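Quick one: the structure is below, and I'll ask about it shortly.
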Amino acid sequence: MSALRLGLLGLALVAGPVPAHEMTMAEMEMRQLSPTEFLWQWTASGNKPAAQELTPVWPEGCGTGNEPETQSLLRCGEVGLSGTMKIDGVGKRYSAAIVKVFWLDGQTRVYTFTGGQPSMRLYGSADDRRGWGEIASAYTVLGVEHILTGYDHLAFVFALLFLVGFNKRLVWTITAFTAAHSVTLALAALGLLTLRSPPVEATIALSIVLVAGEALHTKATLSRRWPALVAFLFGLVHGLGFAGALKDIGLPQNHLPVALLTFNVGVELGQLLVVGLAYAAYRGLKNSPRFALARTPALYVIGSVAAYWSIGRIFSILA
């Protein structure tokens, strides 16, 4: 089978509406009606209703009625919505569950549950009393989980690995990419840089197409001479994609720098994990004749899928 056919086969197998840099999330809204009562419902989910996949476990003293008309009304004791809340099933079909609580005093807080952190402590009000250690742990896990479910980001990293190879230049390339997306992630998360999401997502997909195409030939192009520069320029755009996901997840008002920093640390840890696994596979397979033959088909698959994403995202802008 030719490399082109392999690429098209990979495209047919994996192509689909994959959102850039977003975890598969379900959203729940809770509105406080009185000091002890909340109206709740799942407001957004994927193809399968969140209620069929996720089950909220309310803090002790809170509960709903058994009848259908009372199941959406949560009643709590004197301390209100205070204690440990858990979302059973998160981390399977849905990698995250976002719970938005609208409190009586007009404040809104967002709580994020993931497979690594399926439970969270609530304090009966909009106040977030988590210490910096708890926030650092939570947002590091969120960063790792985010990068491991960001298929377009992973595709870009793999394309870079094919372009540069495992040598000294890879260190500078990954460092440049990290520095660039760290800058724009911070600027966007703090509200200092704002761009619409659709053009960002389309540019991210196009960056994968370009790097995969450059890796397919051996001409001394800019990407081959200065891969770190190319990684830095595209890293600026990828950082905006990370910021979009972080906006959906939400940032705590207290310890904001800690949350931002540790989310970025989690992203880098996830990225290093992927590079490390790729290097281990390379060391184990590099002497196999079939391994060398797989390079071109793999790049065709990456480029073809990215081209599919690009077309879909550009059409979404025009529509």
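The values are calculated or read from the model by the stated rules, or taken from the named source; none is laboratory data. Just so we're clear, the structure is a prediction, and the values are computed from it rather than from any experiment. Note: ideal-geometry Cβ built from the backbone for every residue, glycine included; neighbour counts use all protein chains shown. The accessibility values were calculated without ligands, DNA or RNA, using every heavy atom of the protein model including side chains. Shrake-Rupley method; radii C 1.70, N 1.55, O 1.52, S 1.80 Å.
Name the residue that is nearest to K48 (Cα to Cα), counting only residues in region 79-99 that are open to solvent by less than 10 Å² (accessible area, probe 1.4 Å) and either touching a residue at least 60 places away in the same chain (Cβ under 8 Å) or not in a strand (DSSP E or B) (or both).
Y94
For region 277-290, give me each residue that is assigned to a helix (DSSP H, G or I), over 20 Å from L154 (Cα atoms) and open to solvent by less than 80 Å² (accessible area, probe 1.4 Å).
Within region 277-290, just G284 meets the criteria.
Per-residue answers, yes or no, for (1) over 21 Å from the mean Cα position of the chain (by Cα); (2) over 27 Å from L206 (Cβ atoms):
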site	(1), (2)
A259	no, yes
Q271	no, no
V275	no, no
R283	yes, yes
L293	yes, yes
T296	yes, no
I302	no, no
W309	no, no
S316	no, no
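Failed condition for L192, given (1) open to solvent by less than 60 Å² (accessible area, probe 1.4 Å); (2) within 24 Å of A259 (Cβ to Cβ); (3) more than 18 Å from the chain's Cα centre (by Cα), with all others met?
(1)
Write out, first by first residue and then by second, each pair whose Cβ atoms fall under 8 Å of each other, whose residues are 6+ apart or on separate chains, and whose first residue, in region 30-53, is exposed (fewer than 12 other Cβ atoms within 10 Å of the Cβ) while the second is modelled with pLDDT of 90 or more and not hydroxyl-bearing (S, T, Y).
P49/W42
Let me ask something else about it. Identify the residue in region 175-189 that is farther than 10 Å from H238 by Cα and over 16 Å from the mean Cα position of the chain (by Cα) and, among all such residues, is least open to solvent (accessible area, probe 1.4 Å).
A176
Here's the yes/no breakdown for (1) surrounded by fewer than 18 Cβ atoms within 10 Å (Cβ to Cβ); (2) over 18 Å from L256 (Cα atoms); (3) polar (S, T, N, Q):
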position: G77; (1), (2), (3): yes, yes, no
position: S119; (1), (2), (3): yes, yes, yes
position: A126; (1), (2), (3): yes, no, no
position: W132; (1), (2), (3): yes, no, no
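While we're looking at this one, here's another question. Could you say whether any residue in region 227-243 is buried (at least 17 other Cβ atoms within 10 Å of the Cβ) and β-branched (V, I, T)?
The answer is yes, given that some residue of region 227-243 is buried (at least 17 other Cβ atoms within 10 Å of the Cβ) and β-branched (V, I, T).
Further question: When you check D128 against the structure, is it among the charged types (D, E, K, R), under 27 Å from E145 (Cβ atoms), modelled with pLDDT of 85 or more and in contact with a strand residue (DSSP E or B) (Cβ under 8 Å, 6 or more places away or on another chain), yes or no?
It is false that D128 is among the charged types (D, E, K, R), under 27 Å from E145 (Cβ atoms), modelled with pLDDT of 85 or more and in contact with a strand residue (DSSP E or B) (Cβ under 8 Å, 6 or more places away or on another chain).
Also, I was wondering about something else. Identify the residue in region 100-126 that is assigned to a strand (DSSP E or B) and of a type in the set (S, T, Y) and, among all such residues, is farthest from L81 (Cα to Cα).
My answer is T114.
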